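This report concerns only the one structure given below.
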Amino acid sequence: MIIQAIVFLPLIGALIAGLLGRSIGHRPSEFITTGLLIIAAVLSWVVFIPIAFGDGLVGASGEGQAAVLKVEVMRWIQVGDMDLRWILRVDTLTAIMLVVVNTVSALVHLYSIGYMADDPHRSRFFAYLSLFTFAMLMLVTADNFLQMFFGWEGVGLASYLLIGFWYTKPSASAAAMKAFIVNRVGDFGFLLGIFGSFLVLGQIGFDGAFAAVDEFATTGMPVFQFLIWEVDAMTVICLLLFMGAMGKSAQFLLHTWLPDAMEGPTPVSALIHAATMVTAGVFMVARLSPLFETSPFALTVIIVIGAITAFFAATVGLVQNDIKRVIAYSTCSQLGYMFVALGAGAYSAGVFHLFTHAFFKALLFLGAGAVIHAMHHEQDMRNMGGLRHKIPVTYAMMLIGTLALTGVGIPGTNFGFAGFFSKDSIIESAYAFGGNVGTFAFWMLVIAALFTSFYSWRLVHLTFHGSPRDAQHHGEGPHPDPAHADPESHDEHHGHDHAHDHHHGSAYDNAHEAPLVMQIPLYVLAVGAVLAGAVFYGMFFYDVEHIEHFFAGSIYVDHQIIEDAHHVPTWVKWSATVAMILGFVSAWYMYIRRPETPAKLAAANPGLYKFLLNKWYFDELYNTIFVKPALIVGNFVWKFFDDWLIDGKITEGLGRRVQNVTSWVVKLQSGYLYHYAFAMLIGIAALLTWAIAAGGLI
């Protein structure tokens, strides 16, 4: 029953808060949903700890090294020979995700009690949060492709509801729609990949699919006939599946929805970026690692896309002014790291970074929420400064999160924050992969590490150090950055367009620490941000034997890449640390020592500054390529086809013809009895004439 409780407690909370929220009130809804999530989180650790520190998954069975626990919920689909059961699949990979999802979600629920205290619709908010969590749990416990797709679409729906929670804000509604539509593009590829898997492998369940893939070693790889070409079937399938991962995990080209997701309340941002939605793509590729291992070309594409994403997002994060947007691009960049590890075959390293990233990224987002709360919903870092004196606890928590994100640690030792161990293992794996692709990925990740350090410390300096810069409006006052009007910086309101409380005194003067209910989650996440890397490094990346024992067949383990990663040159092991130090020193010099430097650099390179500030102009590019042509076609169909042709020529023309006929027929209805009698006589005469003719009498 423990597995069922972990999965379905969030659903129970969502139903209670969603259906009965108005009846029982906001406070009971908050307590019930949060309490159920805390229970689910504790039970998740109960499942995970024996795997990490004991003899493995309790109650698991499996052949060879594969250890998996399956719990049947119900018979789901029966069509022909296919008898599909709804089964909760729990193995090491699932247990890791249960811990990540439920722990972060429980803390986000607890944090939201304080953060959303003034919102009049918080019962609905907590219902959505719990529904989001349940959908992600459905995804990670899936035992077949259809179950996974159910959870996949569930998190997409829940993210739409939460990003657009303040639906009276046009920007929030637009952001929710954008996330939904961009994800539909990726989901279309994912669905085609599922169809292709069923067509080629003949299996919808994961175990059957993996067994079918193993048989290719003797039967040879299947091929598709496409026009005049024969293409490798597994390559096509893996690329389509990865297309789905690109959408959910915001990889390059399908990343545009992620920064706009900041329009939702800050707790939503923490949940999306740390534990749910964006990690779904990483989990899916790791879960289907036996399939991806059949296609070196698909793995190469994953490495390249991941490396470009890590670099691209880091460059954009350098100049953003919205505190949440900086952290959002950080998430996008870190997801790129994870996919590089997956593409290199170091699946355990990618999952390791997913695990550690959940703690420090949730910490950073919730810390940013505490800053926004203290500054009366101000999000522009140019209007902050000196806050370490006003909110020292939040400052300390943000420092810990920043140290973990930038990867502070000493190579070759067991000292380091969470991000140090997981990020360095990926960089070493990229170098070990070798070749042009591995070298390209290695340098992209090292440069991204430098940029990550710079923009992370830039955020700390602008927000907490220096003198207060509490402007009355965006763009006024002494800003260390030259962009005096950033259209992407939105204020976070609780569903209303009320102005800031500047007329009651400056936001800095009124700044105060968040309530205890918002601080406790920060403390818990800070522990994870400090210890998760050092404690779990041995299980995820120390050596092949540890990894094999820990994962117990739940992912593919490439022995060669792990061994090679541990024997890279010393300068490779130090590369990320040196990049991190350079980024820190640069940020300190530009925002503390010489705060006029950023303005001078931007003035000297206005084109580059605007290019980065406008996110490489991807939104404008997509608007030109996709949105405007769609509007032109839509307007043409509307104005010409619908209005002019259908409504005008066809419908109205036909209507006029009918009207003419009816007006002529109406004249026959004179109202005189002898007219009707005469018509009846003519009718009888005609009928008799036909009868006589038919009888051959004429």
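Between W86 and V73, M74, R75, W76, the built amide H atoms are under 5 Å apart, and every one of these is 5 or more places off in sequence or on another chain.
If you plug the beta carbon distance of W638 and T256 into 1/(1 + (r/R0)^6) with R0 = 35 Å, you get a FRET efficiency near 0.85.
Length available on full extension from S173 to E596: 0.36 nm per residue minus the Cα-Cα distance, which gives 148.5 nm. Considering only alpha-carbon pairs that sit under 8 angstrom and 6 or more positions apart, the relative contact order computed for the stretch 188-245 is 49 percent. Helix 418-433 and the longest principal axis of the Cα set of the chain meet at an angle near 80°.
Site pair H512 and I682 shows an inter-label distance of 9.4 nm when each label is modelled 7 Å from Cα along Cα→Cβ. Helix 170-201 axis versus longest C-alpha principal axis of the chain: approximately 80°, rounded to the nearest ten. To the nearest ten degrees, helix 277-287 and the longest principal axis of the Cα atoms of the chain are 80 degrees apart. Short-range pairs are left out: with C-alpha atoms under 8 Å and at least six residues apart, the relative contact order of the stretch 271-338 is 35 percent. Here the stretch 378-399 and the stretch 662-685 have alpha carbon centers that stand 91 Å from each other.
Bridgeable lysines around K573 (alpha carbons under 25 Å apart, same-chain partners fewer than 8 residues away excluded): K361, K423. Full extension of the chain between I410 and A117 yields a length gain of 101.3 nm, computed as 0.36 nm times the residue separation minus the alpha carbon distance. Note on H675 and D83: the model spin-label points, each 7 Å out from Cα along the C-beta direction, lie 7.5 nm apart.
First measure r as the distance between the Cβ atoms of Q225 and F188, then evaluate 1/(1 + (r/R0)^6) with R0 = 30 Å and state the FRET efficiency to the nearest 0.05.
So the FRET efficiency works out to roughly 0.85.
With Cα atoms defining each centre, the stretch 408-463 and the stretch 184-251 are spaced 32 Å apart in the structure. Measuring r between the beta carbons of K649 and V627 and using R0 = 41 Å, the FRET efficiency lands at 0.85. Taking all Cα pairs closer than 8 Å and separated by 6 or more residues, the relative contact order of the stretch 521-630 comes to 9 percent. Is the shape of the stretch 63-154 rounded, prolate or oblate, going by the alpha carbon gyration tensor and its root eigenvalues a ≥ b ≥ c, with a/c under 1.5 for rounded and a/b larger than b/c for prolate? Oblate is the answer for the stretch 63-154, as a/c is 1.5 or above yet b/c matches or exceeds a/b. Distance from the Cα centre of the stretch 300-370 to that of the stretch 578-652, in angstrom? Result: 21 Å between the Cα centres. Note on V42 and V578: their simple-model spin labels are 5.0 nm apart, each label 7 Å out from Cα toward Cβ. A probe of 1.4 angstrom, applied to the heavy atoms of all protein chains, finds Y609 with accessible area near 30 square angstrom. Each Lys or Arg adds one and each Asp or Glu takes one away; over the other residues whose Cβ falls under 13 Å from the Cβ of F420, this sums to 0.
For the stretch 271-401, the extents of the C-alpha atoms along the principal axes are 55, 24, 20 Å, listed from largest to smallest. Packing order of peptides 146-159, 232-245, highest average first: 232-245, 146-159 (average count of other Cβ atoms within 10 Å over each peptide's residues). Need one word for the stretch 542-668: rounded, prolate or oblate. Basis is the Cα gyration tensor (sqrt eigenvalues a ≥ b ≥ c); a/c below 1.5 gives rounded, then a/b vs b/c decides. Judged from the Cα gyration tensor, the stretch 542-668 comes out oblate (a/c at least 1.5, b/c at or above a/b).
Given axes a ≥ b ≥ c from the Cα gyration tensor, I'd like to know whether the chain is rounded (a/c under 1.5), prolate (a/b larger than b/c) or oblate.
Working: a/c = 1.96, a/b = 1.46, b/c = 1.34.
Since a/c reaches 1.5 and a/b is larger than b/c, the shape of the chain is classed as prolate.
The values are calculated or read from the model by the stated rules, or taken from the named source; none is laboratory data. In this text, all values refer to a predicted model and were calculated from it rather than measured experimentally. Don't worry about glycine lacking a Cβ; one is built from the backbone with ideal geometry, like all the others, and counts go over all protein chains shown. The area values use the complete protein model at the heavy-atom level, side chains included, leaving out ligands, DNA and RNA. Shrake-Rupley method; radii C 1.70, N 1.55, O 1.52, S 1.80 Å.
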